[in-house]
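Take a look at the structure below.
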Amino acid sequence: MALLHSIGRRVGKRLVASLPALLGVVVFTFLLMRVLPGDPAAFFASGPNAGQEEIDELRRQLGLDRPIPEQLVRYLYDIATGHLGRSITTGQPVVRDLADRLPASLELSLCGLALALVLALPLGIAAALRPGSPVDHGVRFLCTLGVCVPTFVSGLLLIYAFYVVAGIAPDPTGRIDIFAAPPPDITGFLLIDFLLVGDLAGWRAAAAQLLLPAITMALFVLAPLARMTRASLMAVLGSDFIRTARSIGLASWRVVMVYALRNALLPVLTIVGIVFSTMLGANVLVEKVFSWPGIGSYALDALVASDYAPVQGFVLLIAAIFVVVNLTIDVLYGIADPRVSIE
Amino acid sequence: MNATLRHAAWVLRGNPVTTLAAAGALAMIVVALLSPWITPFDPVASNVSNALQPPSWTHWAGTDQLGRDIFSRLIAAARLDLAIAASAVGLSFAAGAVIGSFCGYRGGRLDRAVGRMVDVLMAFPLFVLAMALVAALGNRVENIIIATAIINLPFYIRFARAEVNVRRNAGWVEAARAGGDGHASIVLRFLLPNILPNMAVQISLNLGWAILNAAGLSFLGLGVQAPTPEWGIMVAEGARFISTGQWWLVTFPGLALMLAVLCFNLLGDGLRDILDPRMRT
């Protein structure tokens, strides 16, 4: 109970502390989008030879004729009341567009992260147990390569290998086959929705579509995770309590898996948080390669069309996710190592 | 001087991987500098009758959809990609080192304000920030450089600040102060040169990252425009032919990117191990 209480307090403190940063992000994006050149009113006028009156009318509709500080205050008020504006390209409220597309991006990022952890933890542990061995060098080599291959190249090469040559992967466009029936929209996460309605064939098809982009993501973040696991576990394995545990004759798997690993997890958790927010940025590239209908490709389309509202909404959403991820990591910290909670 | 060279040679012999990476990076820079004179074919001359040829003895990396020699384009692109990465990293290094050093030296309110701004900038998904900057500033090469420089800036500020902070009360700084040097002179003439070796590591690691970022931006269609040979665009153009089996359009520019980043990263890792053995992982 005391543990829960102290975790709660720390999370609350962290949440309050992150508010100024969030506000900073909002103001920064706003200024970036407004002050820099590129007039959306001219862009969305009927054509290149639209009259000045039409452009002025559009500017009035968009509120662009007001002074910038006033626009900023209005924008902050809108955000506080949950209005992120309307996308000019899709004609929908930005909140709705983002809510429609967020599950696709989250499903992809979370599956990629899970896959990366499943690969990176054993690799890091194996390398830490035998530093300097061929296994260690192999893991180091794999990590070095992993950081160097850009996601868009590894994604395309995976498509070539598994779709074009081997023919075992489905057509790499979108979340489900264009001829397949989507499941009812319950959570937006296809893997969960298919399970909820008990459509196993649909679930398998969706998982097959997800596999290649998720592997691409996983390869991208494998290196920092495996490296940190190795470094942190090696530091713990050299400490006194491990020597004691070994000397009183505990089984060596127990020493490593229970005592050492739990103590080595904290730095890994920190890296997981950082890695996840990098993945949110890298999503844009992976989503483009696999025509994945997520928030990244949505923001990219809006950017190219100088459509401000979706881009601001996207960045705000990413910043909010970033805060949530950090809070989650904080909670996990307290569970993984109760000493953290005692200040 | 002779002793320095001998010492450098001794260090390089003890670190074969770093030596190899340094040689690779150097070779790439030389190729980039000489690229206008050493391409076997004209990198932008199209020859449609010769389109989409697989790799052969005449065209080592095959030809693309317009019949242009991919190997020549790779060499020509090295110049642009390395130039973008080097100018971006140079810009953010210069700005970041000066801002960070002054913050670390002065401390106090200014330091805290800049620290908070750096935190906000780093909380941003940096690649998304770069996209927004290029889109807002306009699709031009110099804007890719500015965007890449800005997303690199927080790392340099943070790094320089921390490095100067541990040295600000060192004896030799006191000595300079006692000798009558002003604050600006202490930072620029004593502290900055002192942290340079450690920052060199950061520069090498960042060059790799900058190359990846710039290529990622042009892959998305931001920045460098189509006929110009550039690794990211070459991958983007080749992507259309991957499902029909023309693998060489994507693979070779991808390989070039990978090699470039690999060399700079290994070089940075090696330099860090040599300068600070405690950081070895």
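The values are calculated or read from the model by the stated rules, or taken from the named source; none is laboratory data. Computed from a predicted structure; not experimentally measured. Note: ideal-geometry Cβ built from the backbone for every residue, glycine included; neighbour counts use all protein chains shown. Only protein heavy atoms, including side chains, enter the accessible area calculation; ligands, DNA and RNA are left aside. Shrake-Rupley method; radii C 1.70, N 1.55, O 1.52, S 1.80 Å.
Yes/no matrix, rows are residues, columns are (1) among the β-branched types (Val, Ile, Thr); (2) outside the structural domain of A:Thr187 (by TED's automatic domain parsing); (3) under 28 Å from A:Leu31 (Cβ atoms):
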residue	(1), (2), (3)
A:Glu54	no, yes, yes
A:Gly63	no, yes, yes
A:Arg66	no, yes, yes
A:Glu70	no, yes, yes
A:Val94	yes, yes, yes
A:Ala104	no, no, no
A:Leu113	no, no, no
A:Gly124	no, no, no
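Quick grid of which residues meet (1) farther than 27 Å from A:Ala302 by Cα; (2) in a loop (DSSP other than H, G, I, E, B):
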{"position": "B:Gln225", "(1), (2)": "no, yes"}
{"position": "B:Pro229", "(1), (2)": "no, yes"}
{"position": "B:Gly232", "(1), (2)": "no, no"}
{"position": "B:Ala236", "(1), (2)": "no, no"}
{"position": "B:Phe241", "(1), (2)": "no, no"}
{"position": "B:Leu259", "(1), (2)": "yes, no"}
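Being over 30 Å from A:Leu191 (Cβ atoms), β-branched (Val, Ile, Thr) and open to solvent by 60 Å² or more (accessible area, probe 1.4 Å) is the requirement here; does A:Thr81 meet it? Answer is yes for this residue. Being within 23 Å of the chain's Cα centre (by Cα) and free of Cβ contacts under 8 Å to residues at least 24 places away in the same chain holds for only one residue in A:Arg130, A:Arg101, A:Arg96, and it is A:Arg96. Is the range A:167-187 home to any residue that is within 12 Å of chain B (Cβ to nearest Cβ) and assigned to a helix (DSSP H, G or I)? Within the range A:167-187, not a single residue is within 12 Å of chain B (Cβ to nearest Cβ) and assigned to a helix (DSSP H, G or I).
Look at the range A:233-257: where a residue is more than 22 Å from A:Leu269 (Cβ to Cβ) and in the same structural domain as A:Ile271 (by TED's automatic domain parsing), no partner that is at pLDDT 85 or above and surrounded by fewer than 18 Cβ atoms within 10 Å (Cβ to Cβ) sits 6+ places away or on another chain with Cβ atoms under 7 Å. One residue stands out among those in the range A:147-163 that are touching a Phe, Trp or Tyr at 6+ places or on another chain (Cβ under 7 Å) and open to solvent by less than 30 Å² (accessible area, probe 1.4 Å): the one that is nearest to the other protein chains (Cβ to nearest Cβ), which is A:Phe152. For the range B:220-230, the candidate set comprises residues that are open to solvent by 10 Å² or more (accessible area, probe 1.4 Å) and either in contact (Cβ under 8 Å) with a residue 60 or more places away in the chain or within 10 Å of chain A (Cβ to nearest Cβ) (or both); within that set, the residue that is farthest from the chain's Cα centre (by Cα) is B:Pro227. Has the range B:100-111 got at least one residue that is farther than 25 Å from B:Cys263 by Cβ, crowded, with 23+ Cβ neighbours inside 10 Å and touching a Leu at 6+ places or on another chain (Cβ under 7 Å)? So far as the range B:100-111 goes, yes, one or more of its residues are farther than 25 Å from B:Cys263 by Cβ, crowded, with 23+ Cβ neighbours inside 10 Å and touching a Leu at 6+ places or on another chain (Cβ under 7 Å). If you filter the range B:233-253 down to residues that are in contact with a Pro (Cβ under 7 Å, 6 or more places away or on another chain) and closer than 18 Å to B:Ala85 by Cβ, you find that the one that is nearest to the other protein chains (Cβ to nearest Cβ) is B:Val235. A residue that is within 14 Å of another protein chain (Cβ to nearest Cβ), open to solvent by less than 60 Å² (accessible area, probe 1.4 Å) and more than 18 Å from A:Ile274 (Cβ to Cβ) can be found somewhere in the range A:130-137. B:Ala214 - would you say it is more than 10 Å from every other protein chain (Cβ to nearest Cβ), in a helix (DSSP H, G or I) and either open to solvent by 30 Å² or more (accessible area, probe 1.4 Å) or under 30 Å from A:Ile125 (Cβ atoms) (or both)? It is false that B:Ala214 is more than 10 Å from every other protein chain (Cβ to nearest Cβ), in a helix (DSSP H, G or I) and either open to solvent by 30 Å² or more (accessible area, probe 1.4 Å) or under 30 Å from A:Ile125 (Cβ atoms) (or both). Scanning the range B:173-203 for residues that are open to solvent by less than 50 Å² (accessible area, probe 1.4 Å) and either under 19 Å from B:Leu255 (Cα atoms) or over 15 Å from the mean Cα position of the chain (by Cα) (or both) yields B:Val173, B:Ala176, B:Asp181, B:Gly182, B:Ser185, B:Ile186, B:Val187, B:Leu191, B:Leu192, B:Ile195, B:Asn198.
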